[in-house]
Each structure stands twice: as C-alpha cells, then as structure tokens.
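What follows is a short report on a single structure.
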C-alpha cells in the first residue's frame, strides 16, 4: 500500500501545473514571433499583457511547493522533485519574459517596412522551441537521456545566433536609416538564444532530478 | 577532577578542527564484523558489517522489527539478557572483541552508557540519581561527588533547571527533564560512547529539540549511536545513517547522502514514507 498517496497526488498536480505554465510560455513565444513577422502590434500588445498570467502561474507553483516542503518534510527524490519544480518554474517564467521582450521589439519596429524578409529568425525559433518541448517532455517523463539530447541542440542555436548577428550588422552600413529595426531584430535573435539557454537549464534540472547529480550542460 | 582527566587520556579527545576531518581519519569506536544474531530459530541480525566513528552521531533507522534495537543492544551486550540469544561474528570496541567471553561486561558498560525510549530515573533525589554510578565506582568524597553532579547536569543541559532542587525526587521532573537527567546520569560515569534507543519518542517537540541540541553538543566529547523512528531527527542530528531492513544493513552512508540521494531503492522507499 502506498502510504503517501495524497502527497503523490500533490506532486503530480505540481507537475501538471508546470506543464500548463510551459504551454502558456510556448504559446507566448510563438505568438511573439508571429506578431513580429506580421507586424501585428495589437497581438504584440496582448502578449505583454498576458505575461501576467504566466507570472501568476509561477507564484501558484511556488506557493504549492512551499506548502509541500512545510507539511510533508520531503527527502531524497521527493525533495528533488519539489526543488526542481521551483527552479523549472523560474526558467519558464523567464522564457515568458523573453516573449514580452520580443513583443516590445515588434512595437519598437512598428509599421516600418522590413528591410528583408524574415526567414532565418523563425528557423532559429523552431530550434529553440523544439528544445523547449523536449526539455519539458523530459521533465514530465523524468527522462535524463532526452534532457541531454535536448541540451546538445543548444550549440546549433548558438551557432545560428552568431551567424545571424553578423549578417544583421552587415546590413547597417547599407541601410543606416533602418538601424533601429536591425538592432531590434538582433535583440530578437538574442532573446531566442536566451530561450534556448533557459531550456538548457531546464534540461540540467531534469538530470539532477533523475540522478541526484548536478550537471552543467553549457560547459 | 580525576575522572574527567582520565577520560581525556582514554579517549584522546580531538580538537574541534580535528573532529571535522574526514571519517577515514577518525578513529573507529565500534567495528562490527559479520555479526549474526538469532532469537531461538529466528535470525534477527544478518551478516552486519558496520564501523562507528569517534565523535560522530550515527543514526540507525528502519521499520519496526528490522533489528535496529537488537543491534544497539549487542553493543553493550544487553542483548545477552535474553536467554535464547545466539550470536556469531565480532564486535570490536576500541579494537577488542566484546563478544569474547573473557571481556568483562562491567568494564564495557562503564565505557558505554545507554539512554532508553522511556526516561527511567531511579526513585531517588536528582542528586542521588547522578551520584549513584560514581559511588558504585568507589567515589566517596562529597566534594568530588558534588562536582560530578554539577558537571554532569551541566553537560546534559539541565543544571539551570534543577540546581535549586537537587534533593527533590526525580519523579517530580517533566518527561523531557527526566530524559536529560538520565543523560546526565550516563555522563557521570564518564562513558566513551552513548547509546540512545529512541530517546525522544516519548517527548514533546520542545523537549525533543532540547535533547537534539544536547546530542549535537555531546558529540564533541562522545560518540553517539542513536536508534530513531523519526527520520527528520536522523537527518538533522546524525553524521552517518544506517538503514536496517529485515535484520540486514541495506545502506550505511553519510547522512547527507542518505537523505538526498540514497543508493538503494529500498532506502529511498523507506525514507520517503513509501513503506514501513
């Protein structure tokens, strides 16, 4: 007989809430890029406003985790599950903030015509989002192998980021009037690269959750 | 005071700095080797191998009937009081096998004190409870006995509460005070090791905290082995933890490791409350 079924149910609920939060953050990130490409300023504005909901989800997870620590005196894997839930919620919240940053860049560019069709930025975003989905799946299924694989993709994102920044900076001398737009697009690339970094942190936490050992995947 | 000086010679007390060294550099107080124990036909301990280190708190945890109390009672040979007991293997205390028939149990119990689950003061005054042991060991001087009583009660963090009523009956003390009195009684004979068999399970949380703080203080000068059902207590106060199950040691490790990332699934299941 499982003597801690209520506690187990609570741990499961904590995980489900994190999954919901991650879905919201992923939607926000996707929407932020759609708004950028379509120059949809209303959509960008709504992403900024809706970030409050992701922050509230994080607070709910923190409160729930705090209560579980206070009332259940967790140890070993149980404790790691709660600590990791707290850390992962913080990483997801930061990813939500990056969606806000991308939306703000969209507002800064406004209706100014793009100097070039935006093609590679969405491709880079796809890589980061694939990483994020893998990281969250690895968290949900407690799969350290998947977490490691997901983090390996971070190098590809970093490489793309370096290339795109160089390319964007190269446009400035020919298009000095579009400096603001180019700078904002460079910022967007930076934000996507940060999404991948936070995702790598989630993957590291999953490895800690499963093995009890700390792992630096960015090293 | 002579008895206290003697203790330093016997134990070679380490300084604070030294006591923080790795366990590998600490002396082994008890070294249990291939210990098996039977009550009649029932085997209660199976092939126990375990080293207890000086100036550490070693916690023994495990579900009821796992052999933890039996084990602690072999360490001062109290288990021999059960007539149907058979034992094989060795328990080296300070490198001498206490299971040897030639080993005098009286000598052992002078070096190894014990505190039980239920406080068991003598039906005597507080003073007499403490002075009883030293008197048996031949100390007659009132001045020396007074000193022992004061030092022991101070050592057990109860002096301030009882110094004005040393001649009152110990039964008038609260449960928590009685337990600290029993610890003081234990200290009065200058032991090397203190065995504690669930010393706080009959106490309220405040008294439990006091005993736990006391244990942390006492380990500077004594080696302590504690059986506890309270997992958080083991996690809070011990340096090493042994998990017993069905008479076997499943895992014996640094307490931090046991409670953060145990190696054995059975340890994990027990400490997280999945069984037991």
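Coordinate-derived values only; no laboratory data. If you're wondering where the values come from, they're calculated on a predicted model, not measured in any experiment. Positions of Cβ are backbone-derived with ideal geometry, glycine not excepted, and every protein chain shown enters the neighbour counts.
Between helix A:120-141 and chain A there is an angle of about 0 degrees, using the helix long axis and the longest principal axis of the Cα atoms. Compared with the dominant principal axis of the Cα atoms in chain B, helix B:126-136 is inclined by about 80°.
Modelled spin-label separation between residue A:140 and residue B:147, with each label point placed 7 Å from Cα along the Cα-to-Cβ direction: 7.3 nm. Normalised by residue number, the volume inside the convex hull of the Cα atoms of segment B:2-271 is 133 Å³ per residue.
Pairs of Cα atoms nearer than 8 Å and 6+ residues apart set the relative contact order; for segment B:2-271 it is 26 percent.
Once C-alpha pairs closer than 8 Å and six or more residues apart are averaged by separation and normalised to the residue number of segment B:137-237, the relative contact order reads 27 percent. With the largest listed first and rounded to whole Å, the semi-axes of the equivalent ellipsoid of the protein assembly as shown from the Cα gyration tensor are 65, 23, 20. Take the Cα of residue A:213, step 7 Å toward its Cβ, do the same at residue B:101, and the gap between the two points is 5.2 nm.
Projecting label points 7 angstrom from Cα along Cα→Cβ for residue B:47 and residue A:120 puts them 6.4 nm apart.
Normalising the average separation of contacting C-alpha pairs (under 8 angstrom, six or more residues apart) by the number of residues puts the relative contact order of chain A at 25 percent. Segment B:157-205 and segment B:223-276 have Cα centres lying 26 Å from one another. Computed over the Cα atoms of segment A:53-113, what is the convex hull's projected area averaged over all directions, in nm²? In nm², the orientation-averaged hull projection of segment A:53-113 is 4.8.
To the nearest ten degrees, helix B:142-155 and the longest principal axis of the Cα atoms of chain B are 40 degrees apart. Using alpha carbons only, the radius of gyration of segment A:5-211 set against its Kirkwood radius gives Rg/Rh = 1.05. If I take R0 = 22 Å and measure r between the Cβ atoms of residue B:92 and residue B:137 in this structure, what FRET efficiency does the formula 1/(1 + (r/R0)^6) give, to the nearest 0.05? Efficiency, from the Cβ-Cβ distance: 0.35.
For a Förster distance of 56 Å, can you work out the FRET efficiency between the beta-carbons of residue B:213 and residue A:30, rounded to the nearest 0.05? With R0 = 56 Å, the Cβ-Cβ based efficiency is 0.50.
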